[in-house]
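The values are calculated or read from the model by the stated rules, or taken from the named source; none is laboratory data. For clarity, every value in this text was computed on a predicted model and none was experimentally measured. Cβ: placed from backbone, ideal geometry, glycine included. Neighbour counts: every protein chain shown. Side chains included, ligands, DNA and RNA excluded: accessible areas come from the protein's heavy atoms. Shrake-Rupley method; radii C 1.70, N 1.55, O 1.52, S 1.80 Å.
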Amino acid sequence: MVFHVLTIFPDFFRGPFEHGVVARAAAAGKIRLEVHDLRNWTTDRHRTVDDRPFGGGEGMVLKAEPIFRAAEAIFPERGPARRIILMSPQGRLFDQAAARRLSRLDELLLLAGRYEGVDERVAERLADEELSIGDYVLSGGELAAAVVIDAVARLLDGVLGNQDSALRESFGGGAEGPGLLDCPQYTRPAGFRGWQAPEVLLSGNHEEVRRWRLEAAIEKTARMRPELLEKWKSRVER
Ligand code: SAM
């Protein structure tokens with residue numbers, strides 16, 4: 001899968017994509033990351049990407065023209081397997097189901113806003129959708145785009161060592177719907193400052209471990225995210 005990001009800060013992505021699962025997936029050719037500098041699609045001497053908002057008010061707004069020009073150059077043809085997404089706190093909330101849906105695409109172009117945001121014609125006339133990573137306001141869409149890329153990349157075939165890991169993780173209910181939170185995990189030493197890891201995990205009895213993990217996942221989901229537990233219950237009771 002190819003991930004494109006359009007940004008005024010292309011160097012921002014040096015860090016996030018040079019480590020761990022995403023870096024290994026790129027090195028193995030499972031994904032390609034293309035970071036595009038929005039200023040390359042400006043036409044004036046100052047490479048202007050922003051302007052004052054009509055109607056007055058604080059701050060600057062990213063202009064529509066360079067964003068349209070860039071998107072049309074990156075995707076000369078559109079299609080169902082290629083989507084353009086505007087990162088925005090006003091978008092639908094990004095969750096694991098959205099990550100799964102996006103992981104079925106061939107190419108994704110993420111538009112990272114800055115300042116007071118992006119000329120609304122980008123949301124209305126260019127982007128297929130707006131996505132928010134949470135109900136808070138970031139200074140720019142770059143962090144949000146990196147979050148989406150990480151969450152989607154690890155769902156692609158061959159990216160995680162074990163294909164089933166993503167299904168067993170938090171929210172990992174697969175195509176059928178929402179899952180539980182992951183069960184608590186422990187590692188050596190079994191005793192740490194007098195706090196003991198659950199005995200059953202050291203027992204070597206796979207059936208008992210499996211049962212304990214399911215119960216622990218249900219307990220933790222009930223405590224941390226009761227609304228998820230309700231959704232999970234109605235799915236397994238169906
Ligand atoms: N004035 C906008 C508002 O109140 O809705 C906020 C603009 S924000 C400071 C600048 C950019 O950061 C946005 O255009 C968007 O690309 C990105 N951004 C901020 N919060 C975000 C979030 N929760 N999810 C995704 N992108 C976000």
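Report yes if some residue within the stretch 174-193 is within 16 Å of the ligand (Cβ to nearest atom), touching a helix residue (DSSP H, G or I) at 6+ places or on another chain (Cβ under 9 Å) and under 21 Å from Leu102 (Cα atoms); otherwise report no.
No, the stretch 174-193 contains no residue that is within 16 Å of the ligand (Cβ to nearest atom), touching a helix residue (DSSP H, G or I) at 6+ places or on another chain (Cβ under 9 Å) and under 21 Å from Leu102 (Cα atoms).
Name the single residue that is nearest to Ser234 (Cα to Cα) among those in the stretch 179-218 being acidic (Asp, Glu) and modelled with pLDDT of 95 or more.
Checked the stretch 179-218; the qualifying residue nearest to Ser234 (Cα to Cα) is Glu215.
Please enumerate the residues belonging to the stretch 112-171 that are more than 14 Å from Arg100 (Cα to Cα), within 16 Å of the ligand (Cβ to nearest atom) and either acidic (Asp, Glu) or outside the structural domain of Leu33 (by TED's automatic domain parsing) (or both).
If the condition is that a residue be more than 14 Å from Arg100 (Cα to Cα), within 16 Å of the ligand (Cβ to nearest atom) and either acidic (Asp, Glu) or outside the structural domain of Leu33 (by TED's automatic domain parsing) (or both), then Glu116, Asp119, Glu120, Glu124, Asp128, Glu129, Glu130, Asp135, Glu142 are the ones that fit.
Would you be able to say whether some residue in the stretch 68-78 is modelled with pLDDT of 95 or more, within 16 Å of the chain's Cα centre (by Cα) and either among the acidic types (Asp, Glu) or open to solvent by less than 30 Å² (accessible area, probe 1.4 Å) (or both)?
Among the residues of the stretch 68-78, not one is modelled with pLDDT of 95 or more, within 16 Å of the chain's Cα centre (by Cα) and either among the acidic types (Asp, Glu) or open to solvent by less than 30 Å² (accessible area, probe 1.4 Å) (or both), which makes the answer no.
Restricting attention to the stretch 150-172, does a residue exist that is among the hydrophobic types (A, V, I, L, M, F, W, C), touching a strand residue (DSSP E or B) at 6+ places or on another chain (Cβ under 8 Å), modelled with pLDDT of 95 or more and surrounded by 13 or more Cβ atoms within 10 Å (Cβ to Cβ)?
The answer is yes, given that some residue of the stretch 150-172 is among the hydrophobic types (A, V, I, L, M, F, W, C), touching a strand residue (DSSP E or B) at 6+ places or on another chain (Cβ under 8 Å), modelled with pLDDT of 95 or more and surrounded by 13 or more Cβ atoms within 10 Å (Cβ to Cβ).
Show the residue pairs meeting these rules: Cβ distance below 8 Å; 6+ apart or different chains; first residue within the stretch 198-217 and open to solvent by 50 Å² or more (accessible area, probe 1.4 Å); second residue assigned to a helix (DSSP H, G or I).
These pairs meet every condition: Ser203/Val209; Glu208/Val200; Trp212/Val200; Trp212/Leu201.
Can you pull out the residues in the stretch 1-36 that are open to solvent by 60 Å² or more (accessible area, probe 1.4 Å), closer than 17 Å to Gly140 by Cα and not in a helix (DSSP H, G or I)?
Hit for the stretch 1-36 is Phe9, nothing else.
Give just the number: which of (1) under 25 Å from the mean Cα position of the chain (by Cα); (2) over 30 Å from Ala23 (Cα atoms); (3) hydroxyl-bearing (Ser, Thr, Tyr) does Ser203 not satisfy?
(1)
Identify the residue in the stretch 90-111 that is without any contact (Cβ under 8 Å) to a residue 40 or more places away in the chain and open to solvent by 50 Å² or more (accessible area, probe 1.4 Å) and, among all such residues, is nearest to the ligand (Cβ to nearest atom).
Restricting to residues being without any contact (Cβ under 8 Å) to a residue 40 or more places away in the chain and open to solvent by 50 Å² or more (accessible area, probe 1.4 Å), the top hit is Arg101.
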